[in-house]
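Working notes for the structure below.
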Protein chains: 2
Amino acid sequence: MRIALLGGTGDIGQGLALRWAYDTDHEVIIGSRDPEKARTKATEYETELDSLGVSRSINGFANGMAAERGDMVVLAVPPFHIRDTIEAVADRLDDVDVLVTPAVGMDRDETGFHYKPPNVGSVSELVADTAPDGVPVVGAFHNLSADRLADLSLDLDQDTLLVGDDDDAKELVGRLAEEIDGLRALDAGGIGNSAEVESMTPLLINLALENEGMHDVGVRFE
Amino acid sequence: MRIALLGGTGDIGQGLALRWAYDTDHEVIIGSRDPEKARTKATEYETELDSLGVSRSINGFANGMAAERGDMVVLAVPPFHIRDTIEAVADRLDDVDVLVTPAVGMDRDETGFHYKPPNVGSVSELVADTAPDGVPVVGAFHNLSADRLADLSLDLDQDTLLVGDDDDAKELVGRLAEEIDGLRALDAGGIGNSAEVESMTPLLINLALENEGMHDVGVRFE
(Lines give C-alpha, C1' and ligand atoms only; values in the text may rest on other atoms or scores of the structure.)
Protein backbone atom coordinates (compact mmCIF):
# COMPACT_ATOMS: atom_id res chain seq x y z
CA MET A 1 0.00 0.00 0.00
CA ARG A 2 1.28 3.46 -0.92
CA ILE A 3 0.30 6.22 1.49
CA ALA A 4 0.57 9.76 0.09
CA LEU A 5 0.48 12.63 2.58
CA LEU A 6 -0.39 15.88 0.78
CA GLY A 7 0.93 18.63 3.00
CA GLY A 8 3.11 15.93 4.52
CA THR A 9 5.66 18.57 5.47
CA GLY A 10 3.34 20.00 8.15
CA ASP A 11 2.93 18.84 11.72
CA ILE A 12 0.18 16.22 11.43
CA GLY A 13 1.67 15.02 8.14
CA GLN A 14 5.05 14.58 9.77
CA GLY A 15 3.57 12.62 12.67
CA LEU A 16 1.61 10.25 10.45
CA ALA A 17 4.55 9.80 8.02
CA LEU A 18 6.94 8.89 10.82
CA ARG A 19 4.52 6.48 12.50
CA TRP A 20 3.60 4.65 9.30
CA ALA A 21 7.22 4.46 8.20
CA TYR A 22 8.35 3.26 11.64
CA ASP A 23 5.54 0.81 12.41
CA THR A 24 4.67 -0.61 8.96
CA ASP A 25 6.17 -1.59 5.61
CA HIS A 26 3.86 0.63 3.58
CA GLU A 27 5.47 3.07 1.17
CA VAL A 28 5.20 6.61 2.55
CA ILE A 29 5.14 9.50 0.06
CA ILE A 30 5.40 13.17 1.06
CA GLY A 31 3.55 15.78 -0.99
CA SER A 32 3.86 19.54 -0.91
CA ARG A 33 2.97 22.43 -3.20
CA ASP A 34 6.75 22.90 -3.34
CA PRO A 35 8.40 19.62 -4.48
CA GLU A 36 11.79 20.76 -3.21
CA LYS A 37 10.34 21.21 0.28
CA ALA A 38 8.73 17.76 0.02
CA ARG A 39 12.07 16.17 -0.85
CA THR A 40 13.88 18.01 1.95
CA LYS A 41 11.31 16.92 4.53
CA ALA A 42 11.28 13.34 3.24
CA THR A 43 15.04 13.22 3.70
CA GLU A 44 14.68 14.62 7.23
CA TYR A 45 12.20 11.85 8.09
CA GLU A 46 14.57 9.22 6.61
CA THR A 47 17.39 10.62 8.75
CA GLU A 48 15.28 10.54 11.90
CA LEU A 49 14.18 6.97 11.26
CA ASP A 50 17.75 5.96 10.48
CA SER A 51 18.85 7.36 13.85
CA LEU A 52 16.33 4.95 15.41
CA GLY A 53 17.77 2.04 13.46
CA VAL A 54 15.06 1.93 10.81
CA SER A 55 16.20 2.26 7.21
CA ARG A 56 13.33 3.51 5.06
CA SER A 57 13.14 5.22 1.71
CA ILE A 58 10.67 8.12 1.77
CA ASN A 59 10.13 10.15 -1.39
CA GLY A 60 8.94 13.71 -1.76
CA PHE A 61 6.97 15.12 -4.72
CA ALA A 62 4.67 17.94 -5.72
CA ASN A 63 1.17 17.24 -4.37
CA GLY A 64 -0.15 16.20 -7.78
CA MET A 65 2.54 13.58 -8.31
CA ALA A 66 2.17 12.36 -4.72
CA ALA A 67 -1.60 12.01 -5.20
CA GLU A 68 -1.07 10.09 -8.44
CA ARG A 69 1.24 7.62 -6.72
CA GLY A 70 -0.83 7.13 -3.57
CA ASP A 71 -3.38 4.38 -2.95
CA MET A 72 -4.51 6.18 0.20
CA VAL A 73 -4.20 9.98 -0.06
CA VAL A 74 -4.25 11.99 3.18
CA LEU A 75 -5.12 15.71 2.98
CA ALA A 76 -2.78 16.86 5.74
CA VAL A 77 -3.31 20.53 4.89
CA PRO A 78 -4.97 23.35 6.86
CA PRO A 79 -8.75 23.60 6.39
CA PHE A 80 -8.50 26.79 4.34
CA HIS A 81 -6.31 24.95 1.79
CA ILE A 82 -8.58 21.89 1.48
CA ARG A 83 -10.56 23.08 -1.50
CA ASP A 84 -7.66 24.37 -3.59
CA THR A 85 -5.53 21.30 -2.77
CA ILE A 86 -8.25 18.91 -3.95
CA GLU A 87 -8.92 20.99 -7.07
CA ALA A 88 -5.19 21.06 -7.88
CA VAL A 89 -4.88 17.25 -7.75
CA ALA A 90 -8.40 16.23 -8.84
CA ASP A 91 -7.32 14.69 -12.14
CA ARG A 92 -4.75 12.52 -10.33
CA LEU A 93 -7.24 10.86 -7.99
CA ASP A 94 -8.86 8.40 -10.45
CA ASP A 95 -7.24 5.30 -9.04
CA VAL A 96 -7.17 6.31 -5.40
CA ASP A 97 -8.71 3.87 -2.92
CA VAL A 98 -9.57 6.55 -0.37
CA LEU A 99 -9.10 10.24 0.31
CA VAL A 100 -8.58 10.90 4.04
CA THR A 101 -9.21 14.19 5.84
CA PRO A 102 -7.82 14.92 9.32
CA ALA A 103 -8.37 18.73 9.22
CA VAL A 104 -10.57 20.71 11.62
CA GLY A 105 -11.78 24.31 11.36
CA MET A 106 -11.19 26.24 14.59
CA ASP A 107 -10.86 29.73 15.91
CA ARG A 108 -9.74 31.07 19.24
CA ASP A 109 -11.09 33.74 21.58
CA GLU A 110 -10.21 34.77 25.14
CA THR A 111 -11.94 31.66 26.55
CA GLY A 112 -10.32 29.02 24.39
CA PHE A 113 -10.53 27.20 21.07
CA HIS A 114 -13.84 26.75 19.28
CA TYR A 115 -15.14 24.59 16.50
CA LYS A 116 -15.74 26.62 13.35
CA PRO A 117 -16.76 24.31 10.51
CA PRO A 118 -17.11 25.49 6.93
CA ASN A 119 -20.62 26.36 5.77
CA VAL A 120 -21.36 22.86 4.46
CA GLY A 121 -21.20 21.60 8.06
CA SER A 122 -17.71 20.13 8.52
CA VAL A 123 -14.36 19.82 6.77
CA SER A 124 -15.15 16.15 6.07
CA GLU A 125 -18.34 17.20 4.26
CA LEU A 126 -16.40 19.87 2.36
CA VAL A 127 -13.94 17.21 1.21
CA ALA A 128 -16.77 14.85 0.22
CA ASP A 129 -18.42 17.67 -1.75
CA THR A 130 -15.19 18.72 -3.47
CA ALA A 131 -13.66 15.31 -4.26
CA PRO A 132 -14.22 13.92 -7.77
CA ASP A 133 -17.20 11.58 -8.08
CA GLY A 134 -16.36 8.02 -7.13
CA VAL A 135 -13.47 8.88 -4.79
CA PRO A 136 -14.42 7.61 -1.32
CA VAL A 137 -13.79 10.08 1.52
CA VAL A 138 -13.03 9.16 5.14
CA GLY A 139 -12.50 11.56 8.05
CA ALA A 140 -9.85 10.30 10.50
CA PHE A 141 -6.91 11.27 12.74
CA HIS A 142 -8.55 14.56 13.87
CA ASN A 143 -8.01 14.02 17.56
CA LEU A 144 -4.34 13.00 17.59
CA SER A 145 -1.68 15.33 18.90
CA ALA A 146 0.80 16.00 16.08
CA ASP A 147 3.65 16.36 18.57
CA ARG A 148 2.83 13.05 20.24
CA LEU A 149 2.60 11.30 16.88
CA ALA A 150 5.93 12.75 15.77
CA ASP A 151 7.79 11.70 18.93
CA LEU A 152 8.40 8.02 18.29
CA SER A 153 9.65 7.51 21.84
CA LEU A 154 6.10 8.07 23.14
CA ASP A 155 3.44 5.36 23.35
CA LEU A 156 0.19 6.48 21.77
CA ASP A 157 -2.46 4.37 23.53
CA GLN A 158 -5.18 6.47 21.90
CA ASP A 159 -8.29 6.16 19.82
CA THR A 160 -9.01 7.77 16.50
CA LEU A 161 -12.52 8.13 15.12
CA LEU A 162 -13.57 7.34 11.56
CA VAL A 163 -16.45 8.86 9.62
CA GLY A 164 -17.38 7.99 6.06
CA ASP A 165 -20.19 6.76 3.85
CA ASP A 166 -18.15 4.04 2.06
CA ASP A 167 -17.72 1.07 4.39
CA ASP A 168 -14.86 -0.52 2.44
CA ALA A 169 -12.88 2.72 2.44
CA LYS A 170 -13.55 3.24 6.13
CA GLU A 171 -12.42 -0.29 6.90
CA LEU A 172 -9.22 0.26 4.91
CA VAL A 173 -8.40 3.46 6.81
CA GLY A 174 -9.21 1.73 10.10
CA ARG A 175 -6.82 -1.09 9.25
CA LEU A 176 -4.01 1.30 8.32
CA ALA A 177 -4.67 3.35 11.46
CA GLU A 178 -4.43 0.27 13.66
CA GLU A 179 -1.13 -0.75 12.06
CA ILE A 180 0.25 2.22 13.99
CA ASP A 181 1.24 0.85 17.40
CA GLY A 182 -1.10 1.93 20.19
CA LEU A 183 -3.74 3.41 17.93
CA ARG A 184 -7.28 2.02 17.92
CA ALA A 185 -9.82 3.05 15.27
CA LEU A 186 -13.50 3.39 16.17
CA ASP A 187 -16.39 3.87 13.79
CA ALA A 188 -18.27 7.13 14.40
CA GLY A 189 -20.69 6.56 11.50
CA GLY A 190 -21.34 8.39 8.26
CA ILE A 191 -19.95 11.70 7.02
CA GLY A 192 -23.10 13.27 8.47
CA ASN A 193 -21.65 12.58 11.94
CA SER A 194 -18.35 14.33 11.19
CA ALA A 195 -19.07 17.64 12.96
CA GLU A 196 -19.29 15.84 16.32
CA VAL A 197 -15.96 14.11 15.60
CA GLU A 198 -14.14 17.22 14.40
CA SER A 199 -15.37 19.34 17.31
CA MET A 200 -13.41 17.18 19.73
CA THR A 201 -10.17 18.76 18.52
CA PRO A 202 -10.75 22.22 20.06
CA LEU A 203 -12.00 20.45 23.21
CA LEU A 204 -8.71 18.53 23.50
CA ILE A 205 -6.73 21.75 23.04
CA ASN A 206 -8.82 23.44 25.76
CA LEU A 207 -8.13 20.52 28.13
CA ALA A 208 -4.42 20.77 27.33
CA LEU A 209 -4.51 24.48 28.16
CA GLU A 210 -6.52 24.16 31.38
CA ASN A 211 -5.02 21.07 33.05
CA GLU A 212 -1.49 20.39 34.27
CA GLY A 213 0.37 17.63 32.48
CA MET A 214 -2.14 17.34 29.63
CA HIS A 215 -0.01 18.77 26.87
CA ASP A 216 -0.61 16.43 23.90
CA VAL A 217 -3.65 14.85 25.55
CA GLY A 218 -5.49 12.18 23.59
CA VAL A 219 -8.65 10.22 24.14
CA ARG A 220 -9.78 6.68 24.91
CA PHE A 221 -13.40 5.59 24.74
CA GLU A 222 -14.14 2.86 27.27
CA MET B 1 -23.30 19.41 51.76
CA ARG B 2 -26.85 19.07 50.48
CA ILE B 3 -27.16 18.06 46.82
CA ALA B 4 -30.54 18.78 45.23
CA LEU B 5 -31.30 17.08 41.92
CA LEU B 6 -34.13 18.90 40.14
CA GLY B 7 -35.61 16.37 37.77
CA GLY B 8 -33.94 13.80 39.97
CA THR B 9 -36.57 11.25 38.95
CA GLY B 10 -35.14 11.05 35.40
CA ASP B 11 -32.30 8.90 34.17
CA ILE B 12 -29.24 11.11 34.74
CA GLY B 13 -30.75 12.35 38.02
CA GLN B 14 -31.23 8.79 39.21
CA GLY B 15 -27.65 7.86 38.33
CA LEU B 16 -26.13 10.85 40.13
CA ALA B 17 -28.43 10.42 43.15
CA LEU B 18 -27.50 6.77 43.58
CA ARG B 19 -23.76 7.38 43.15
CA TRP B 20 -23.62 10.29 45.62
CA ALA B 21 -25.77 8.45 48.13
CA TYR B 22 -23.70 5.28 47.77
CA ASP B 23 -20.21 6.79 47.66
CA THR B 24 -20.52 9.83 49.97
CA ASP B 25 -22.23 11.09 53.12
CA HIS B 26 -23.76 14.14 51.45
CA GLU B 27 -27.50 14.60 51.80
CA VAL B 28 -29.21 13.79 48.51
CA ILE B 29 -32.52 15.52 47.73
CA ILE B 30 -34.78 14.58 44.80
CA GLY B 31 -36.83 17.30 43.13
CA SER B 32 -39.64 16.98 40.61
CA ARG B 33 -42.46 19.14 39.33
CA ASP B 34 -44.67 16.52 40.99
CA PRO B 35 -43.67 16.17 44.69
CA GLU B 36 -45.45 12.82 44.96
CA LYS B 37 -43.31 11.45 42.13
CA ALA B 38 -40.21 12.83 43.84
CA ARG B 39 -41.09 11.05 47.09
CA THR B 40 -41.85 7.78 45.30
CA LYS B 41 -38.53 7.85 43.43
CA ALA B 42 -36.60 8.84 46.56
CA THR B 43 -38.06 5.80 48.30
CA GLU B 44 -37.11 3.59 45.35
CA TYR B 45 -33.51 4.83 45.58
CA GLU B 46 -33.47 4.18 49.35
CA THR B 47 -34.74 0.65 48.73
CA GLU B 48 -32.10 -0.02 46.09
CA LEU B 49 -29.31 1.27 48.35
CA ASP B 50 -30.69 -0.76 51.25
CA SER B 51 -30.50 -3.90 49.10
CA LEU B 52 -26.79 -3.12 48.70
CA GLY B 53 -26.36 -2.77 52.46
CA VAL B 54 -26.34 1.03 52.52
CA SER B 55 -28.92 2.69 54.71
CA ARG B 56 -29.56 6.23 53.48
CA SER B 57 -32.42 8.67 53.92
CA ILE B 58 -33.30 10.37 50.63
CA ASN B 59 -36.11 12.92 50.56
CA GLY B 60 -38.28 13.99 47.66
CA PHE B 61 -39.86 17.43 47.21
CA ALA B 62 -41.32 19.73 44.60
CA ASN B 63 -38.47 21.33 42.62
CA GLY B 64 -38.85 24.68 44.43
CA MET B 65 -38.50 23.14 47.88
CA ALA B 66 -35.61 20.93 46.70
CA ALA B 67 -33.82 23.98 45.27
CA GLU B 68 -34.33 25.87 48.52
CA ARG B 69 -32.76 23.04 50.54
CA GLY B 70 -29.83 22.37 48.22
CA ASP B 71 -26.33 23.81 48.52
CA MET B 72 -25.51 22.43 45.09
CA VAL B 73 -28.51 22.32 42.74
CA VAL B 74 -28.29 20.09 39.65
CA LEU B 75 -30.66 20.80 36.75
CA ALA B 76 -31.20 17.17 35.72
CA VAL B 77 -34.02 18.10 33.34
CA PRO B 78 -34.27 17.88 29.54
CA PRO B 79 -32.89 20.92 27.69
CA PHE B 80 -36.35 22.13 26.66
CA HIS B 81 -37.35 22.34 30.35
CA ILE B 82 -34.24 24.23 31.46
CA ARG B 83 -35.66 27.71 31.17
CA ASP B 84 -39.03 27.06 32.82
CA THR B 85 -37.40 25.00 35.59
CA ILE B 86 -35.00 27.82 36.47
CA GLU B 87 -37.75 30.43 36.29
CA ALA B 88 -39.98 28.30 38.55
CA VAL B 89 -37.33 28.04 41.29
CA ALA B 90 -35.48 31.35 40.75
CA ASP B 91 -36.57 32.89 44.07
CA ARG B 92 -35.29 29.80 45.95
CA LEU B 93 -31.73 30.01 44.64
CA ASP B 94 -30.44 32.91 46.80
CA ASP B 95 -28.24 30.81 49.05
CA VAL B 96 -27.18 28.22 46.51
CA ASP B 97 -23.42 27.64 46.16
CA VAL B 98 -23.66 26.46 42.56
CA LEU B 99 -26.19 25.60 39.88
CA VAL B 100 -25.02 22.63 37.78
CA THR B 101 -26.18 21.79 34.26
CA PRO B 102 -25.60 18.37 32.67
CA ALA B 103 -28.14 18.78 29.80
CA VAL B 104 -27.30 18.67 26.10
CA GLY B 105 -29.45 19.66 23.11
CA MET B 106 -29.47 16.96 20.43
CA ASP B 107 -31.48 15.75 17.50
CA ARG B 108 -31.29 12.61 15.42
CA ASP B 109 -31.38 11.93 11.70
CA GLU B 110 -30.75 8.81 9.61
CA THR B 111 -26.96 9.14 10.17
CA GLY B 112 -26.92 9.50 13.93
CA PHE B 113 -27.21 11.98 16.78
CA HIS B 114 -26.22 15.61 16.32
CA TYR B 115 -25.44 18.50 18.60
CA LYS B 116 -28.23 21.10 18.49
CA PRO B 117 -27.52 23.84 21.02
CA PRO B 118 -30.02 26.55 21.86
CA ASN B 119 -29.58 29.87 20.06
CA VAL B 120 -27.37 31.37 22.79
CA GLY B 121 -24.70 28.77 21.90
CA SER B 122 -25.06 25.97 24.47
CA VAL B 123 -27.32 24.76 27.27
CA SER B 124 -24.66 25.88 29.77
CA GLU B 125 -24.82 29.41 28.35
CA LEU B 126 -28.63 29.30 28.46
CA VAL B 127 -28.46 28.35 32.15
CA ALA B 128 -25.92 31.11 32.84
CA ASP B 129 -28.17 33.64 31.07
CA THR B 130 -31.33 32.48 32.85
CA ALA B 131 -30.00 31.98 36.39
CA PRO B 132 -30.51 34.84 38.88
CA ASP B 133 -27.56 37.23 39.14
CA GLY B 134 -24.92 36.02 41.54
CA VAL B 135 -25.72 32.31 41.22
CA PRO B 136 -22.59 30.60 39.84
CA VAL B 137 -23.24 28.13 37.01
CA VAL B 138 -21.10 25.10 36.17
CA GLY B 139 -21.61 22.65 33.30
CA ALA B 140 -20.71 19.07 34.25
CA PHE B 141 -21.66 15.39 33.92
CA HIS B 142 -22.69 15.74 30.24
CA ASN B 143 -20.69 12.79 28.99
CA LEU B 144 -21.67 10.15 31.54
CA SER B 145 -23.94 7.29 30.61
CA ALA B 146 -27.03 7.45 32.83
CA ASP B 147 -27.38 3.66 32.75
CA ARG B 148 -23.77 3.13 33.78
CA LEU B 149 -24.09 5.66 36.60
CA ALA B 150 -27.27 4.01 37.85
CA ASP B 151 -25.80 0.50 37.90
CA LEU B 152 -23.77 0.56 41.10
CA SER B 153 -22.19 -2.81 40.26
CA LEU B 154 -20.25 -1.15 37.41
CA ASP B 155 -16.94 0.67 37.84
CA LEU B 156 -17.01 4.08 36.23
CA ASP B 157 -13.33 4.79 35.45
CA GLN B 158 -14.39 7.84 33.44
CA ASP B 159 -13.74 11.54 33.14
CA THR B 160 -16.24 14.34 33.37
CA LEU B 161 -15.54 17.82 32.03
CA LEU B 162 -16.28 21.06 33.88
CA VAL B 163 -16.99 24.46 32.36
CA GLY B 164 -17.73 27.61 34.30
CA ASP B 165 -16.63 31.18 34.87
CA ASP B 166 -16.55 30.99 38.70
CA ASP B 167 -13.43 29.11 39.78
CA ASP B 168 -14.64 28.42 43.34
CA ALA B 169 -17.90 26.96 42.10
CA LYS B 170 -16.09 24.87 39.51
CA GLU B 171 -13.70 23.56 42.14
CA LEU B 172 -16.61 22.63 44.39
CA VAL B 173 -18.34 20.68 41.62
CA GLY B 174 -15.05 19.01 40.72
CA ARG B 175 -14.58 17.92 44.33
CA LEU B 176 -18.10 16.50 44.57
CA ALA B 177 -17.67 14.77 41.20
CA GLU B 178 -14.46 13.11 42.35
CA GLU B 179 -16.10 11.87 45.53
CA ILE B 180 -17.92 9.48 43.20
CA ASP B 181 -15.65 6.43 42.89
CA GLY B 182 -13.90 6.17 39.54
CA LEU B 183 -14.87 9.62 38.32
CA ARG B 184 -12.20 12.20 37.49
CA ALA B 185 -13.08 15.85 36.85
CA LEU B 186 -11.14 17.87 34.29
CA ASP B 187 -11.32 21.61 33.71
CA ALA B 188 -12.47 22.48 30.19
CA GLY B 189 -12.37 26.24 30.83
CA GLY B 190 -15.03 28.93 30.90
CA ILE B 191 -18.70 28.74 29.95
CA GLY B 192 -17.60 29.98 26.52
CA ASN B 193 -16.04 26.54 25.95
CA SER B 194 -19.24 24.65 26.79
CA ALA B 195 -20.38 23.90 23.22
CA GLU B 196 -17.29 21.75 22.64
CA VAL B 197 -17.98 19.88 25.90
CA GLU B 198 -21.69 19.36 25.27
CA SER B 199 -21.16 18.19 21.69
CA MET B 200 -19.30 15.13 22.94
CA THR B 201 -22.59 13.62 24.13
CA PRO B 202 -24.03 12.91 20.63
CA LEU B 203 -20.56 11.65 19.62
CA LEU B 204 -20.59 9.11 22.46
CA ILE B 205 -24.08 7.96 21.47
CA ASN B 206 -22.92 7.55 17.85
CA LEU B 207 -19.95 5.46 19.02
CA ALA B 208 -22.28 3.33 21.13
CA LEU B 209 -24.50 2.76 18.09
CA GLU B 210 -21.69 1.98 15.64
CA ASN B 211 -19.31 -0.21 17.69
CA GLU B 212 -19.89 -3.58 19.33
CA GLY B 213 -19.70 -3.62 23.11
CA MET B 214 -19.73 0.15 23.49
CA HIS B 215 -23.18 0.53 24.99
CA ASP B 216 -22.71 3.03 27.84
CA VAL B 217 -19.30 4.11 26.54
CA GLY B 218 -17.50 6.83 28.46
CA VAL B 219 -14.32 8.74 27.94
CA ARG B 220 -10.84 9.08 29.42
CA PHE B 221 -8.44 11.82 28.44
CA GLU B 222 -4.82 10.64 28.65
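For this structure, a couple of remarks:
- Qualifying residue in segment B:131-148 (condition: closer than 17 Å to B:Y22 by Cα, surrounded by fewer than 20 Cβ atoms within 10 Å (Cβ to Cβ) and in contact with a Phe, Trp or Tyr (Cβ under 9 Å, 6 or more places away or on another chain)): no
- Residue that is surrounded by the most Cβ atoms within 10 Å (Cβ to Cβ) [pool: residues in segment A:152-163 that are farther than 21 Å from B:H215 by Cα and either aliphatic (A, V, I, L, M) or under 17 Å from the mean Cα position of the chain (by Cα) (or both)]: A:L156
- Just one residue in the set B:E87, B:E110 is modelled with pLDDT of 95 or more, assigned to a loop (DSSP other than H, G, I, E, B) and acidic (D, E); that residue is B:E110.
- Complete set of residues in segment A:178-206 that are in contact with a strand residue (DSSP E or B) (Cβ under 6 Å, 6 or more places away or on another chain), aliphatic (A, V, I, L, M) and either facing chain B (nearest Cβ under 7 Å) or farther than 25 Å from A:A17 by Cα (or both): A:L186, A:A188, A:V197
- When A:V135, A:V127, A:V100, A:V96 are checked against the criterion of being within 12 Å of the chain's Cα centre (by Cα) and modelled with pLDDT of 95 or more, A:V100 stands alone in meeting it.
- Condition check for B:G31: under 16 Å from the mean Cα position of the chain (by Cα) and assigned to a strand (DSSP E or B): yes
The values are calculated or read from the model by the stated rules, or taken from the named source; none is laboratory data. Note that this is a predicted model, so its numbers are computed, not measured. Counting neighbours? That spans all protein chains shown, and the Cβs are built from the backbone with ideal geometry, glycine included.
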